[in-house]
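A short write-up of the structure that comes next.
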Amino acid sequence: MALKFITAEEAASYVHHNDNVGFSGFTPAGCPKVVPGAIARKAAEEHAKGNPFQIGMFTGASTGDKLDGELARANAIKFRTPYQSNKDLRAALNAHQAQYFDLHLSELAQSLRYGFLGKIDVAIVEAADVTEDGEIVPTSGVGILPTICRMADRIIVELNCRHPKEIRGMHDIYEPADPPLRREIPIYTPSDRIGNDCVKVDPAKIVGVVRTDEPNEGGKFSPLDDVTMAIGKNVADFLVSEIKAGRLPKEFVPLQSGVGNVANAVLGCMGANESIPAFNVYTEVIQDAVIELMKQGRVKFASGCSLSVSNEVIREIYANLDFFKDNILLRPQEISNNPEVARRLGLIAINTALEADIFGNINSTHVSGTRMMNGIGGSGDFTRSAMLSIFTTPSTAKDGKISAFVPMVSHLDHSEHSVKIIITEYGVADLRGKSPIQRARCIIDNCVHPDYKPLLEEYLAMGIKGHTPQNLKCCFAFHEELAASGDMHNVDWSKYNK
Ligand code: 0RQ
C-alpha cells in the first residue's frame, strides 16, 4: 500500500477535539516535532472561533518544547500522563488547566492495553524509516510506540531524516502478552535481544507520513559544580566499599541511573574509579556519560529506552553506527523499566529526591507537598525492585533556604521500605536493617547540611514516643516556615509544639 506524504497541517486535520493521542519518544529523544505544533495552531484557531479543542495525551515520558510546550501554551491539553518537565505544561497542570496524572513509566503501556485509560484514537510517532507494508523503525527514543501504534485507529508518522535508516537493528521491540497468559520476560543479561528490530502495524492505519529534519531538543548539561561532583564521588566510593565488603559481586551488576546532572556526574565518577570494574547499564535514559564511558571500554553494554544525549553525541553515534549497534539496545519503556527484569538482573538503581525525611521516605515529585515538579518517572519502577536502591540529592536547595531533609516528607513517592541508601555531598546514609530512629540518626549524621542538623536533632529530642517518633504538631514546620518567611532556617519549634 503506497505511503501518503502529507504536511503537518494535513496531519493535524486527522486529530479531533477530545481525541486521545499517543506520542512516541522518551525525553525529547524520539518525540514527534512538527505535527504537535500544527495541532497547537489548530487548537488556537478553534478557540478563536469559540470552539472547544483539547486532546488527551499519552507520551513516553517528558518530551520536547515542540510537543508539550506548544500544546500547553495553546491550552490544547485535556489530560496528560506520565512524566513531564516542561515549564509551561507544569504551570498549566498546577493551575488545573490540564488534568495530569502521574504513573510509573513501566505501567503505562499495559494500563493502555488493559483499557484503564480509554482508547487511543491517534498515534503520532517519529520514525527513521517506514515501509509500505507497515514496518516502522523508531528513532532515538521508543517509549510507548509499539502499544500506541497497535491500539490506535489512525497512525501519523513523522519521518525524520536526521536519523539514518541504518539505525534499524538498534531497537528490540517486544510487547508482553497480558494476564493470564503472560510469561516471564526472557531477559537474563542487559544485551539479550528478545523482540523485533521494528514495529509492524497494519499499513491501512497509516493516514499519512510527514517528512521532517528537526533535530532532537537535546538539553545541555550544566558544568559540574562542587556539590554535584561530591555526590558523584560519594556514590562511587560507596559502591567500591560494597564490592570490598563482598555485598556486590566482583563482576558487578548493571546500573540504572535517572536523568540530569547528578546522574551524569555519578556515571563520570564511577567510570573514573578503577576499583569499579567495567559495567553494564540497564536503564531508561542513556545519557552522554554512558556513551563516553562506552568509548573508553568502561561501559560494556547499555540497554535503555532512549538515547537522551546531546545532538553532538547523537551525531557521533550515527557516524559510528556499527560500533554502537553492537553495544546499545533501545527497548519500549515497559521492558527497559520492567520491575521483573530489574529484580532479576539485580540492578543498582540511582534516582533523585526532591526531599527526604529523616526516617527514609522520599518525595521526588511535589514541591512543598502541592506543586508538581516533573513526576515519578521511572524511579519507582527501579527503586522497589533493584538490588541496591540509592537516592541522591544536594543537602539543600535555593541557596540553602530549603533543607532537602525534613521531619516528614510533604508528599510520598518512595517509602522507607524501598529506600536503602541516601547520598548527599556530605556523605552516605546506609539505611539497610535500621529501625526508624536509627535511620534518623544515620541520615542526620551523614547527609544533612550542618545548618539544619541542630534543628533536626532538636526534633528527635522532643521526647515523642512510638516506633517512628514523629511529632504531628511539628512535622511540617520546615514547610510552614518556608511558606511564611521563605527560609527553613527560621524554624522555631516552640511556635508549633504547643
Ligand atoms: O530549581 O530549577 O529553579 O534551579 O528543583 O533540582 O537539584 O537541579 O536537580 O534537575 O536533577 O531535579 C527530583 C526534580 C531533581 C528530578 C528532581 C529545586 C532546585 C531546582 C531541580 P531550579 P536540581 P534535578 C528519571 C527518574 C524524578 C524522579 C526520578 C526529578 C530544581 O530529578 O524529577 O529520579 N526526578 N525519576 O532548586 C523546592 C525542594 C527542592 C527544590 C530541589 N526540596 N523544594 N525546590 N528543588 N529540591 C526521570 C525519568 O524517568 C524520565
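Closer than 24 Å to Pro186 by Cα, at pLDDT 95 or above and touching a Cys at 6+ places or on another chain (Cβ under 7 Å), is that true of Arg331?
Yes, satisfied.
Return yes when Ala386 is assigned to a loop (DSSP other than H, G, I, E, B), in contact (Cβ under 8 Å) with a residue 40 or more places away in the chain and within 30 Å of Pro254 (Cα to Cα) and no when it is not.
When the stated conditions are applied, Ala386 passes them.
Please indicate, with yes or no, whether at least one residue in segment 401-412 is crowded, with 18+ Cβ neighbours inside 10 Å and of a type in the set (S, T, N, Q).
Looking for residues that are crowded, with 18+ Cβ neighbours inside 10 Å and of a type in the set (S, T, N, Q), one finds at least one in segment 401-412, hence yes.
Quick one: Val253 ticks every box in (1) under 29 Å from Ser106 (Cα atoms); (2) touching a Pro at 6+ places or on another chain (Cβ under 9 Å); (3) among the aliphatic types (A, V, I, L, M) except a single one, so which number is it?
That leaves (2) as the condition not met.
Yes/no per residue for (1) in contact (Cβ under 8 Å) with a residue 24 or more places away in the chain; (2) out of contact with any helix residue (DSSP H, G or I) (no Cβ under 7 Å at 6 or more places or on another chain); (3) more than 30 Å from Ile148 (Cβ to Cβ); (4) crowded, with 24+ Cβ neighbours inside 10 Å:
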{"position": "Ala272", "(1), (2), (3), (4)": "yes, yes, yes, no"}
{"position": "Ser275", "(1), (2), (3), (4)": "yes, no, yes, no"}
{"position": "Gln296", "(1), (2), (3), (4)": "yes, no, yes, no"}
{"position": "Arg315", "(1), (2), (3), (4)": "no, yes, no, no"}
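Going by the structure shown, is Val259 within 16 Å of the ligand (Cβ to nearest atom), part of a loop (DSSP other than H, G, I, E, B) and in contact (Cβ under 8 Å) with a residue 40 or more places away in the chain?
yes
Consider Ile350 carefully, then state whether it is more than 6 Å from the ligand (Cβ to nearest atom) and part of a strand (DSSP E or B).
In short, yes.
I need a count of the residues in segment 112-136 that are part of a strand (DSSP E or B), touching an Asp or Glu at 6+ places or on another chain (Cβ under 6 Å) and either farther than 30 Å from Pro179 by Cβ or acidic (Asp, Glu) (or both).
The number of residues fulfilling the criteria is 1.
Among the listed residues Leu307, Leu345, which satisfies the condition of being hydrophobic (A, V, I, L, M, F, W, C), away from the ligand (no atom under 14 Å from the Cβ) and under 20 Å from Val142 (Cβ atoms)?
Checking each option against the conditions leaves just Leu345.
Yes or no, residue by residue, for (1) at pLDDT 95 or above; (2) part of a helix (DSSP H, G or I); (3) of a type outside the set (Ser, Thr, Tyr); (4) within 34 Å of the chain's Cα centre (by Cα):
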| position | (1), (2), (3), (4) |
| --- | --- |
| Asp445 | yes, yes, yes, yes |
| Val448 | yes, no, yes, yes |
| Asp451 | yes, no, yes, yes |
| Gly463 | no, no, yes, no |
| His467 | yes, no, yes, yes |
| Ala483 | yes, yes, yes, yes |
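Scan Pro203, Pro164, Pro190 and give me the residue that is out of contact with any strand residue (DSSP E or B) (no Cβ under 7 Å at 6 or more places or on another chain) and of a type outside the set (Ser, Thr, Tyr).
Pro203
If you go through segment 458-473 one residue at a time, how many are under 15 Å from Ser403 (Cβ atoms) and in contact with a Lys or Arg (Cβ under 9 Å, 6 or more places away or on another chain)?
Final tally of qualifying residues: 1.
Pairs under 8 Å by beta carbon, first residue at pLDDT below 95 in segment 157-177, partner crowded, with 22+ Cβ neighbours inside 10 Å, six or more apart or different chains?
Close Cβ pairs satisfying both conditions: none exist.
Across segment 238-255, what is the total count of residues that are in a loop (DSSP other than H, G, I, E, B) and of a type outside the set (Phe, Trp, Tyr)?
Counting residues in segment 238-255 that are in a loop (DSSP other than H, G, I, E, B) and of a type outside the set (Phe, Trp, Tyr) gives 9.
Taking only pairs six or more apart or across chains, which ones have beta-carbon atoms under 6 Å, a first residue in segment 324-336 that is acidic (Asp, Glu), and a second residue that is surrounded by 23 or more Cβ atoms within 10 Å (Cβ to Cβ)?
The qualifying pairs are Glu334/Ser106; Glu334/Ala109.
Quick one: in segment 353-376, which of the residues that are more than 8 Å from the ligand (Cβ to nearest atom) and in a loop (DSSP other than H, G, I, E, B) is surrounded by the most Cβ atoms within 10 Å (Cβ to Cβ)?
Filtering first and then ranking leaves Ile358.
The values are calculated or read from the model by the stated rules, or taken from the named source; none is laboratory data. Computed from a prediction, not measured in an experiment: that's the story for all the values here. Positions of Cβ are backbone-derived with ideal geometry, glycine not excepted, and every protein chain shown enters the neighbour counts.
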